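Structure first, commentary second.
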Amino acid sequence: MVQRLLGVSVGALITFAVLVIWDVTDFTDPLPAYAIAAIIGAIASFFWPIVAGFYLARRAKERREDQIQKEVERQVGEQTHQG
């Protein structure tokens, strides 16, 4: 449910942005503008979970690497104090 709501919201925002940009460029026939905006919005709403997944996976990987680095530094610090 939330995923669909977010997908529709992202698609609507992208559609609106395309229409605003197209309006700035001054078009004479609005039908192609609406069709292109709707297609781009639909594509954006379909692919947003993939983009969000890549972002979240990269963020999780960075956190894991930071935790590993902290653990390595802690162990090296303990060995320095013992040796």
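The values are calculated or read from the model by the stated rules, or taken from the named source; none is laboratory data. It should be emphasised that the depicted structure is a prediction, and the values quoted were computed from it without experimental measurement. Ideal geometry is used to build each Cβ from the backbone, glycine not excepted, and the neighbour counts take in all protein chains shown.
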Report task. Scan the stretch 36-50 and give yes if some residue there is surrounded by fewer than 10 Cβ atoms within 10 Å (Cβ to Cβ), not small (Gly, Ala, Ser) and not in a helix (DSSP H, G or I), otherwise no. Result -> no
Requested in this report: Inspect all residues belonging to the stretch 3-26 and state whether any of them is under 19 Å from the mean Cα position of the chain (by Cα), at pLDDT below 80, of a type in the set (S, T, N, Q) and surrounded by fewer than 12 Cβ atoms within 10 Å (Cβ to Cβ).
Outcome: yes
